[in-house]
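Beneath this line is the structure, given in structure tokens, with notes to follow.
The values are calculated or read from the model by the stated rules, or taken from the named source; none is laboratory data. No experiment lies behind these values; they were computed from the predicted model shown. All Cβ positions, even for glycine, are placed from backbone atoms using ideal geometry, and neighbour counts span all protein chains on display. The accessibility values were calculated without ligands, DNA or RNA, using every heavy atom of the protein model including side chains. Shrake-Rupley method; radii C 1.70, N 1.55, O 1.52, S 1.80 Å.
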Amino acid sequence: MPTVSVGRDRLYAALGRTYTQEEFEEVCFSFGIELDDVTTEKAIIRKEKHLDAEVEEDEEVIYKIEVPANRYDLLCLEGLAQALRVFSREEEIPTYKLVNISKESMIKMHVKPETSSIRPHVVCAVLRGVTFTEASYNSFIDLQDKLHQNICRRRTLVAIGTHDLDTLQAPFTYEALPPSSINFVPLKQVKSFRADELIEFYRSDLKLKKFVHIIENSPVFPVLYDHNRIVLSLPPIINGAHSAINLKTKNVFIECTATDLTKAKIVLNTIVTAFSAYCERKFEIEPVEVIYSDGKSYVYPDLSIYNMDVSLSYVNGTIGVSLEAEEVTDLLNRMQLRAEQSVSSDITVFVPPTRSDILHPCDVMEDVAIAYGYNNIPKRSPASLKPLALNELTDHIKLEIAMTGFTEVLTFILGSWRENFAMLNRKDDKSKAVVVGNPRSSDFELVRTSLMPGVLKTVGHNKDHPKPIKIFEVGDVALLDERKDVGARNQRQLAALFCGASSGFELIHGLVDRVMEAIGAAFVPIGDHTGYFIQPSDEPEFLPGRQASIIYKGKHIGTFGIVHPEVLNNFDIPDPCSFVELNVESLL
């Protein structure tokens with residue numbers, strides 16, 4: 001989960017009271033967040049530099065607070081303090097609204113059609129009459145960094161630009177131009193760069209080099225200009241120095257360019273709602289009209305509230321409590337969700353622009369549970385709790401095999417194509433293996449279709465272990481299946497191996513008989529479908545003439561035999577082995 005670092009004293013000032021550390025930990029727990037660490041800024045620096053030094057008495061205490069990953073409104077002190085004040089009933093839920101101005105009076109952002117090939121969306125807003133202190137200014141910058149790392153996915157989905165509006169001249173344009181035609185002075189620099197030169201310059205920058213790849217191979221770069229052709233920013237890399245904000249900035253212009261419009265709206269709403277508290281007219285945001293080349297125009301930010309009807313019985317039944325509608329609405333109000341009882345005795349929730357995490361009634365139910373207190377929910381036993389038949393059978397088989405002296409192993413589900421096919425002398429007909437797209441390495445190319453490679457690798461890595469080695473595994477493999485909506489299915493398999501001075505074929509054969517006896521399957525003559533029998537097989541991973549297929553109720557469920565010497569050599573196993581693998585699901 002994301003961690004927000006806030007000064008303890010400044011947080012307490014925003015909350016309007018002080019707490020002991022234990023009291024504040026309790027408040028955090030009640031609200032569904034956690035005080036992860038208590039440190040100081042100098043201590044953080046000393047830790048990063050691996051320095052030992054005594055703590056100074058005047059060092060500011062820093063609280064590191066873990067917040068839910070989808071609660072973007074809690075990523076800064078302003079949003080966190082406001083949420084806790086509302087939760088503690090010390091403040092009403094704020095109402096955010098747009099400044100009432102006509103479309104003709106709005107600042108315009110014109111979007112050129114060329115942007116559709118690289119970052120097609122842009123949303124904007126203005127915060128008027130902002131009063132920054134050093135602490136609130138740093139919080140404003142830190143929130144942008146947190147959002148860039150979180151919902152913006154390191155600027156690949158959304159890039160945020162903030163500017164001193166008084167240094168610019170509206171209307172603005174959002175364009176996509178060849179990098180050689182873009183020239184400006186970037187933030188924290190004094191000389192002008194062409195965009196292609198800037199890309200090369202930032203390849204060695206510790207902070208910005210990780211964003212260069214996003215646009216470096218594009219024939220055009222996104223860029224924002226004001227009316228006088230002054231560059232605001234080159235998203236997602238850097239803002240222009242001309243419009244940089246500072247402590248004296250009063251009017252802030254915010255633009256978010258994006259490949260994902262929904263996330264851009266969330267990011268813009270998060271910033272303007274959190275910092276509109278510092279505006280001269282509190283919680284008022286000035287809208288901006290974004291006009292596209294096809295004539296369509298949109299007004300941002302979208303601060304509209306949408307309604308969600310939630311069944312009271314669903315809330316009570318899922319949590320395990322019996323609350324009246326009035327109690328539920330009160331609990332939701334504490335979580336910054338205005339709610340009221342509807343005519344049908346259900347709950348109507350008015351979701352504000354700060355709560356982009358509310359997507360389904362289960363999200364509302366979760367907030368009710370948090371506000372009610374998880375520790376206050378009465379404990380109860382489920383009406384019935386019975387394992388799945390497959391899991392029950394799996395546990396039964398594991399116990400039986402373990403009692404015969406075999407040791408259970410767990411191997412990787414992902415593997416290489418070579419291990420799954422070539423090293424087992426098998427041919428890949430492309431009909432079984434689920435292939436992993438863009439694997440991290442050749443060791444994780446596909447999902448295993450057999451337990452055999454993993455078991456043999458285990459023996460190969462432990463070939464110096466005292467003999468005999470008797471191991472088994474019960475686990476899932478994945479097989480392509482067009483009948484399934486996802487195109488593949490899991491299948492539970494059992495595998496066992498004996499490795500010693502001799503092949504131990506008779507021991508593996510005996511293990512097969514023991515497993516079948518344990519499930520109540522009788523050994524029958526060949527062709528009899530009432531039980532199981534074995535018949536010769538011809539699998540390439542086993543020695544010819546020393547292998548057999550297991551037939552149960554007329555279906556082939558597995559194979560056992562002496563592992564082929566070539567296969568053993570491929571896995572660097574010097575001793576003979578016998579192996580069995582069968583389909584557990586077919587035994588149900």
- Considering (1) under 29 Å from the mean Cα position of the chain (by Cα); (2) acidic (D, E); (3) open to solvent by 80 Å² or more (accessible area, probe 1.4 Å), say which one D367 fails and leave the rest. (3)
- Of all residues making up segment 340-356, the number that are in a strand (DSSP E or B), open to solvent by 20 Å² or more (accessible area, probe 1.4 Å) and without any contact (Cβ under 8 Å) to a residue 40 or more places away in the chain: 2
- Task: Please tell me if P378 is assigned to a loop (DSSP other than H, G, I, E, B), in contact (Cβ under 8 Å) with a residue 12 or more places away in the chain, open to solvent by 30 Å² or more (accessible area, probe 1.4 Å) and at negative phi.
- Result: yes
- Message: Please return the ranges of strands (runs of 3 or more DSSP E) entirely within segment 246-322 where 2 or more residues are within 29 Å of the chain's Cα centre (by Cα) and farther than 17 Å from V351 by Cα.
- Response: 252-258
- Here the qualifying pairs (Cβ atoms under 8 Å; residues six or more apart or on different chains; first in segment 6-31 and in contact (Cβ under 8 Å) with a residue 12 or more places away in the chain; second open to solvent by less than 80 Å² (accessible area, probe 1.4 Å) and acidic (D, E)) come out as A14/E78
- Item | Residue that is open to solvent by 10 Å² or more (accessible area, probe 1.4 Å), part of a loop (DSSP other than H, G, I, E, B) and in the same structural domain as T559 (by the TED database), where the choices are K463, K457 | K463
- Query: Within segment 129-166, can you find the residues that are open to solvent by 50 Å² or more (accessible area, probe 1.4 Å), in a helix (DSSP H, G or I) and either of a type in the set (V, I, T) or closer than 24 Å to H213 by Cβ (or both)?
  - Reply: I141, D145, Q149
- Single match in V272, V231 (criterion: hydrophobic (A, V, I, L, M, F, W, C), assigned by the TED database to the domain that holds I141 and farther than 28 Å from A83 by Cα): V231
- Message: I'm trying to understand the selection: among the residues of segment 102-121, which are closer than 15 Å to G295 by Cα and assigned to a strand (DSSP E or B)?
- Response: K108, M109, H110, V111, H121
- Looking only at residues in segment 492-519 that are buried (at least 16 other Cβ atoms within 10 Å of the Cβ) and among the polar types (S, T, N, Q), which one is modelled with the highest pLDDT? Q493
- Message: Is it the case, given these coordinates, that K457 is in contact with an Asp or Glu (Cβ under 9 Å, 6 or more places away or on another chain) and under 14 Å from D572 (Cβ atoms)?
- Response: yes
- Do you know which residues across segment 540-565 are open to solvent by 20 Å² or more (accessible area, probe 1.4 Å), touching a strand residue (DSSP E or B) at 6+ places or on another chain (Cβ under 8 Å) and outside any strand (DSSP E or B)? K553, H564, P565
- Task: State the number of residues belonging to segment 188-233 that are open to solvent by less than 50 Å² (accessible area, probe 1.4 Å) and under 16 Å from H110 (Cα atoms).
- Result: 9
- Note on the structure: Taking segment 128-178 and keeping only residues that are without any contact (Cβ under 8 Å) to a residue 12 or more places away in the chain and among the acidic types (D, E), one is left with D145
- Item | Of all residues making up segment 67-117, the number that are exposed (fewer than 12 other Cβ atoms within 10 Å of the Cβ), touching a helix residue (DSSP H, G or I) at 6+ places or on another chain (Cβ under 8 Å) and closer than 20 Å to E284 by Cα | 1
